1. When you look at ILE276, is it in contact (Cβ under 8 Å) with a residue 60 or more places away in the chain and closer than 30 Å to ILE312 by Cβ, yes or no?
2. Considering only region 39-52, state which residues are loosely packed, with under 15 Cβ neighbours inside 10 Å and on the phi < 0 side of the Ramachandran plot.
3. I'm checking my understanding of the structure. Among residues of region 106-131 that are over 18 Å from ARG62 (Cβ atoms) and hydrophobic (A, V, I, L, M, F, W, C), which one is nearest to the chain's Cα centre (by Cα)?
4. Condition first: in a helix (DSSP H, G or I) and farther than 20 Å from PRO69 by Cβ. Now tell me which residues in region 85-109 satisfy that.
5. Output the residues belonging to region 300-351 that are part of a strand (DSSP E or B) and either open to solvent by less than 50 Å² (accessible area, probe 1.4 Å) or over 16 Å from ALA368 (Cβ atoms) (or both).
6. Return yes when VAL231 is part of a loop (DSSP other than H, G, I, E, B), closer than 30 Å to GLU296 by Cα and either at pLDDT below 90 or open to solvent by less than 20 Å² (accessible area, probe 1.4 Å) (or both) and no when it is not.
7. For region 180-197, enumerate the residues that are part of a strand (DSSP E or B) and open to solvent by 30 Å² or more (accessible area, probe 1.4 Å).
8. Return yes or no: is GLU358 crowded, with 16+ Cβ neighbours inside 10 Å and assigned to a helix (DSSP H, G or I)?
Amino acid sequence: GTSIALDNYLGNPHKAYKTIHVGGTNGKGSVSHLLAAILRQSGYKVGLFTSPHLIDFRERIRVNGKMIPQEYVIDFVERHRTTFEPLHPSFFELTSTMAFDYFRAEEVDFAIIEVGMGGRLDSTNIITPILSIITNISLDHTQFLGDTEEKIAAEKAGIIKTGIPVVTAAQHVALKKLKKEAHEKGSRIYFYGRDFEIDSRSKWKNGQVVVVKRKDMPKELEKSLLYVPFVGAHQAVNAAVATMAISVVMKQDDRINENDLREGLARSQWKGRFEIHDVKGVTYVMDGAHNPAGAEALGEALDEQYPGKRRIFVFASLADKDTETVLQLLVRKGDMVFACEAPTPRTRKAEEIGTMLESQKIKAEFKAEHSVDEALSDAA
């Protein structure tokens, strides 16, 4: 209700531009960034709303890659404070409202809107997009969304709107749920394995080539070789989802062509996802994997990129995450783990991570550090 009240008060800013809604457990951010890059390549002005941020809150709200100015944030809060305060909006409700408002002020053509959590009750779910995307579905945020894939799928399916097409890479029981929902809403569903798939992948050092096969596509798009500068097999699937999504948008918009798709994918950038830095002969890989599916994908990408190399983990986790499973999937025998604490009250304690490694009988050398800086310098 709060999101609707805020939206009505501001005169429904999200109706001023076309939106694409992106939900799912993992890969939302990758797909959102890829879509924004392709649409920008087509000459459009594009708003991008994602979460969480890495360093600066303003990363969440961008137009053509530029963060929302600090003055806009301050001014927005000052201007509307007296109306907002009695409504007690959550941090996320306020942020998404501000994003919608900023995109209208900037006169964007398209806005890519990433779901905060779930879908059905998410504060971004006031929009009527031209396309809904549900990347995939696995267990995360179980304390809010339910403890089975079916329950979580029901929450994620909440972004499917009547008559609006939906693209997904969900599998099995989750896909069944989404198909049922799409059928009930009269929405065309494009899903991985039937409408589009990855044909083969040749691995490049920092990125990959993806061949995407799609039915119901312009002929020249059916077997495109696409270069994606993100590492890992899961990113190939994300690129395929973005490609399918753009193919659907192309049916409504002839300004976007295959060249824009190819160039946009190749130029995408995203911090904190298998981000590689080589410093003094040491390779640092930074990644934000924080749930079992993410950890599994990261583990596979590390095996693929650096087979047989010794790994030292500098690891921190929030207390509400399934840290044990993440450790189990990531930390193999013979690795070293420097556990540290994130600079937030929500962090898990470093010693607790050690206890988990012990109870899981993970044979990694362990060192508890308190700050990320200390852990990094000791690990190096």
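1. On the way: in contact (Cβ under 8 Å) with a residue 60 or more places away in the chain: yes; closer than 30 Å to ILE312 by Cβ: yes.
Criteria met by ILE276.
2. Taking region 39-52 and keeping what is loosely packed, with under 15 Cβ neighbours inside 10 Å, we get 43, 52.
Answer for region 39-52, where residues must be loosely packed, with under 15 Cβ neighbours inside 10 Å and on the phi < 0 side of the Ramachandran plot: just PRO52.
3. Here the answer is MET117.
4. Taking region 85-109 first, the residues in a helix (DSSP H, G or I) are 85-87, 91-105.
If the condition is that a residue be in a helix (DSSP H, G or I) and farther than 20 Å from PRO69 by Cβ, then GLU85, PRO86, LEU87, PHE92, GLU93 are the ones that fit.
5. First pass over region 300-351, keeping only residues part of a strand (DSSP E or B): 312-315, 318, 336-339, 347.
Correct list: PHE313, PHE315, LEU318, MET336, VAL337, PHE338, ALA339, THR347.
6. Working: part of a loop (DSSP other than H, G, I, E, B): yes; closer than 30 Å to GLU296 by Cα: yes; either at pLDDT below 90 or open to solvent by less than 20 Å² (accessible area, probe 1.4 Å) (or both): yes.
It is true that VAL231 is part of a loop (DSSP other than H, G, I, E, B), closer than 30 Å to GLU296 by Cα and either at pLDDT below 90 or open to solvent by less than 20 Å² (accessible area, probe 1.4 Å) (or both).
7. Step one: of region 180-197, the residues part of a strand (DSSP E or B) are 189-192, 196-197.
Residues satisfying the conditions are TYR192, GLU197.
8. Working: crowded, with 16+ Cβ neighbours inside 10 Å: no; assigned to a helix (DSSP H, G or I): yes.
So GLU358 fails the test.
The values are calculated or read from the model by the stated rules, or taken from the named source; none is laboratory data. Note that the coordinates shown come from a computational prediction; the quantities given were computed from them, not determined experimentally. Quick reminder, even Gly has a Cβ in these numbers, built from the backbone with ideal geometry, and neighbours come from all protein chains shown. Heavy atoms of the whole protein, side chains included, go into the accessibility calculation; ligands, DNA and RNA do not. Shrake-Rupley method; radii C 1.70, N 1.55, O 1.52, S 1.80 Å.
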